[in-house]
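> I have a structure here, written as structure tokens, and I will follow up with some questions on it.
The values are calculated or read from the model by the stated rules, or taken from the named source; none is laboratory data. The shown structure was predicted, so the numbers you read here are calculated from the model rather than taken from an experiment. Quick reminder, even Gly has a Cβ in these numbers, built from the backbone with ideal geometry, and neighbours come from all protein chains shown.
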Amino acid sequence: MNHDSYFSDSSTHNKLSFLISTRQEIETWKTGRNLASGLPNPDFFPLTEATFTLNNGKVLDISKDLIEVALQYTLPDGIPQLVSQLTPMVAELLAPPHMEERMVLVTAGSNAGNYIIAKTFITPGDYVFIPEMTYPQIHILLRSVNARMVPVAGDQDGMRPDLLREALEKSSDGRSKLLYIIPHGDNPTGITLSEDRMREIYSLACEYDFLIVEDDPYYFLQYDKQVRSSFLSLDTEGRVIRVDTFSKTIGAGVRLGYITADQPFVKKLMIQHALIMSHASPFSQVVTSELLSSLGREGYIEMNKNNAMKYKQLRDMALQAATKHLTGLCEWRKPDGMFLWLKVLRLEDVTEMVIQRCFKRGLFIVPGCEFLIDSTQPSPYIRVSFSMISQDSVDKGFQILAEAIQEELKKAAPEI
Ligand code: PMP
């Protein structure tokens, strides 16, 4: 595949500066022979060592040498120690074809990853296909690069390939550049795509020659049956750009994620990344890398599976409370991820109700219109996050919601 043909007009000529592109900078500063770059002198760093205590009682000692890495500049794709841990992890979890032709780039979380992808690939006017209802940051981002967003509706199994084909056919007056999709535990619908659905969508990407950006923060949060593969696992042609994050596994505050894609794509993404932030924080990268070493790859995967069991209990608590309070008022499906996606019956739009009746009674939930390209459009959906609920909060919350819906229905059809 001709990787160059996918880059945005603005990124085509981007190049790394001499210093960064030689990759000598980091490798030589230790020897004292680096007289080229403006690195701060580690002898003057105010921190020397650190100790973290894990929730299993183990202690992480961050040595003086690592503190020097943590407080120093690094390479735009990340500290080598972390990159060399992530590459085999992607290979083991997702088994992508031709992993040796791909590269991992450490980012400051998936929002940052999505941002550099948009800048690197989208030329104003390019068509970008997105789920009809999706993570609102994506709308803002795509608008900022003047993409032509095309919403594609789904069913209970996620985005419908027949409607994607229809949308592609209708977009023949421009370049269909990429599809953005959340494959597991979608935000907001909670749907995990089956492998068959992924295959159908992937074959359209090959047929119509577009890239797939899979943004997958909820990969580990699958509860009833697990789809362990992803678009990257199917990617024989090198057209998938995968975005991972540690936000839902280690913690959102580490602000770390990673992109996996074909090397020419990652090299171009790296330039965009270097332009914006040089690289993700080495401080976070050192701590994350040491944590991964301490847990071991298997231990990290095990930790995520254990956490998924705890999130499943919260999900089931939310489902029970929904059955108790919202039966007959709303419809929903058992979700993966962190969100219960409620469809309010007999109401065309819930925005006013959520703002005027729920917020005012202290219940914070997200009206479905927030997930549409045009958030002024009506939507009967509500997104409820169950990641931090307690029995009491969800019970009271759904009681308030039930009352609000009943009041709204009465207003719509007052008794005679
Ligand atoms: N993408 C999706 C689909 C998300 O749901 C979120 C978090 N809510 C993000 C990206 C942002 O993740 P990060 O913290 O890694 O930037």
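> Could you please find all residues in segment 36-77 being buried (at least 16 other Cβ atoms within 10 Å of the Cβ) and among the acidic types (Asp, Glu)?
GLU68, ASP77
> Moving on. For the structure I just gave you, tell me whether ASP349 is surrounded by 14 or more Cβ atoms within 10 Å (Cβ to Cβ), of a type in the set (Asp, Glu), in the same structural domain as GLU331 (by TED's automatic domain parsing) and within 30 Å of ASN307 (Cα to Cα). Lay out the reasoning, then the answer.
Values: surrounded by 14 or more Cβ atoms within 10 Å (Cβ to Cβ): yes; of a type in the set (Asp, Glu): yes; in the same structural domain as GLU331 (by TED's automatic domain parsing): yes; within 30 Å of ASN307 (Cα to Cα): no.
No, not satisfied.
Quick grid of which residues meet (1) part of a loop (DSSP other than H, G, I, E, B); (2) within 29 Å of the chain's Cα centre (by Cα):
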position: LEU39; (1), (2): yes, no
position: THR48; (1), (2): yes, no
position: ASP61; (1), (2): no, no
position: LEU66; (1), (2): no, yes
position: THR74; (1), (2): yes, yes
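> So is LYS310 modelled with pLDDT of 95 or more and either assigned by TED's automatic domain parsing to the domain that holds VAL384 or surrounded by fewer than 19 Cβ atoms within 10 Å (Cβ to Cβ) (or both) or not?
Values: modelled with pLDDT of 95 or more: yes; either assigned by TED's automatic domain parsing to the domain that holds VAL384 or surrounded by fewer than 19 Cβ atoms within 10 Å (Cβ to Cβ) (or both): yes.
Yes; evaluated as a whole, the condition is true for this residue.
> Mind checking whether some residue in segment 206-229 is under 22 Å from ARG165 (Cα atoms) and without any contact (Cβ under 8 Å) to a residue 12 or more places away in the chain? Steps first, please.
Taking segment 206-229 as the starting set, the residues that turn out to be under 22 Å from ARG165 (Cα atoms) are 206-215.
From what's left, without any contact (Cβ under 8 Å) to a residue 12 or more places away in the chain: 207.
Within segment 206-229 (the criterion being under 22 Å from ARG165 (Cα atoms) and without any contact (Cβ under 8 Å) to a residue 12 or more places away in the chain), the answer is yes, since at least one residue qualifies.
> On the basis of being within 13 Å of the ligand (Cβ to nearest atom) and surrounded by 16 or more Cβ atoms within 10 Å (Cβ to Cβ), does ILE130 make the cut?
Values: within 13 Å of the ligand (Cβ to nearest atom): yes; surrounded by 16 or more Cβ atoms within 10 Å (Cβ to Cβ): yes.
The answer is yes for ILE130.
> Name the pairs whose Cβ atoms lie under 9 Å apart, with the first residue in segment 286-299 and over 13 Å from ILE250 (Cα atoms), the second among the acidic types (Asp, Glu), and 6 or more positions between them or separate chains?
What qualifies is GLY296/GLU302; ARG297/GLU92.
> Next question, about the same structure. Is there any pair linking a residue in segment 128-145 that is over 13 Å from ARG383 (Cβ atoms) to one that is assigned to a helix (DSSP H, G or I) and away from the ligand (no atom under 11 Å from the Cβ), with Cβ under 7 Å and at least six apart or on different chains, and which?
Sorted first by the residue in segment 128-145, then by its partner, the pairs are VAL128/LEU142; PHE129/LEU164; PHE129/ALA167; LEU141/ALA118; LEU142/ALA118; VAL145/ALA118; VAL145/LYS119.
> Quick check: is even one residue across segment 86-108 within 12 Å of the ligand (Cβ to nearest atom) and either charged (D, E, K, R) or farther than 20 Å from GLN263 by Cβ (or both)?
Looking for residues that are within 12 Å of the ligand (Cβ to nearest atom) and either charged (D, E, K, R) or farther than 20 Å from GLN263 by Cβ (or both), one finds at least one in segment 86-108, hence yes.
Here is a yes/no grid of residues against (1) part of a loop (DSSP other than H, G, I, E, B); (2) closer than 18 Å to ASP224 by Cα:
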position	(1), (2)
LEU319	no, yes
ARG333	yes, yes
GLY337	yes, yes
LEU342	no, no
PHE359	no, no
ARG383	no, no
LEU409	no, no
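> Can you give me the number of residues within segment 232-290 that are touching a His at 6+ places or on another chain (Cβ under 6 Å) and β-branched (Val, Ile, Thr)?
0
> Give me the residue from segment 316-341 that is among the charged types (D, E, K, R) and surrounded by fewer than 22 Cβ atoms within 10 Å (Cβ to Cβ) and, out of that set, farthest from the ligand (Cβ to nearest atom). Talk me through it step by step, then tell me what you get.
Here is the first cut: in segment 316-341, the residues among the charged types (D, E, K, R) are 316, 324, 331, 333-334, 336.
Retained after the next criterion (residues that are surrounded by fewer than 22 Cβ atoms within 10 Å (Cβ to Cβ)): 316, 324, 331, 333-334.
Values: ASP316: 21, LYS324: 28, GLU331: 23, ARG333: 18, LYS334: 19 Å.
Only one residue fits best here, namely LYS324.
> Here are ILE355, ILE373: which of them is at pLDDT 95 or above and part of a helix (DSSP H, G or I)? Steps first, please.
Values: ILE373 fails: part of a helix (DSSP H, G or I).
ILE355 is the lone residue from the list that is at pLDDT 95 or above and part of a helix (DSSP H, G or I).
> If I filter segment 127-146 for residues that are over 27 Å from PHE220 (Cβ atoms), in a loop (DSSP other than H, G, I, E, B) and assigned by TED's automatic domain parsing to the domain that holds TYR202, do I get at least one hit?
Yes: one or more hits.
> If I filter segment 164-177 for residues that are within 30 Å of HIS279 (Cα to Cα) and either within 21 Å of the chain's Cα centre (by Cα) or of a type in the set (D, E, K, R) (or both), do I get at least one hit?
Checked segment 164-177: at least one residue is within 30 Å of HIS279 (Cα to Cα) and either within 21 Å of the chain's Cα centre (by Cα) or of a type in the set (D, E, K, R) (or both).
> Scan segment 88-100 and tell me whether some residue there is within 17 Å of the chain's Cα centre (by Cα), at pLDDT 95 or above and part of a loop (DSSP other than H, G, I, E, B).
No.
> Would you point out which residue out of ASP316, ASP262 is on the phi < 0 side of the Ramachandran plot and without any contact (Cβ under 8 Å) to a residue 60 or more places away in the chain?
Numbers: ASP262 fails: without any contact (Cβ under 8 Å) to a residue 60 or more places away in the chain.
Among ASP316, ASP262, only ASP316 is on the phi < 0 side of the Ramachandran plot and without any contact (Cβ under 8 Å) to a residue 60 or more places away in the chain.
> Pairs needed: first member in segment 35-56, of a type in the set (D, E, K, R); second member anywhere, part of a loop (DSSP other than H, G, I, E, B) and surrounded by 10 or more Cβ atoms within 10 Å (Cβ to Cβ); C-beta distance under 8 Å; at least 6 residues apart or different chains.
What qualifies is GLU49/SER63.
> Can you tell me how many residues within segment 373-398 are surrounded by fewer than 19 Cβ atoms within 10 Å (Cβ to Cβ) and touching a Ser or Thr at 6+ places or on another chain (Cβ under 8 Å)?
1
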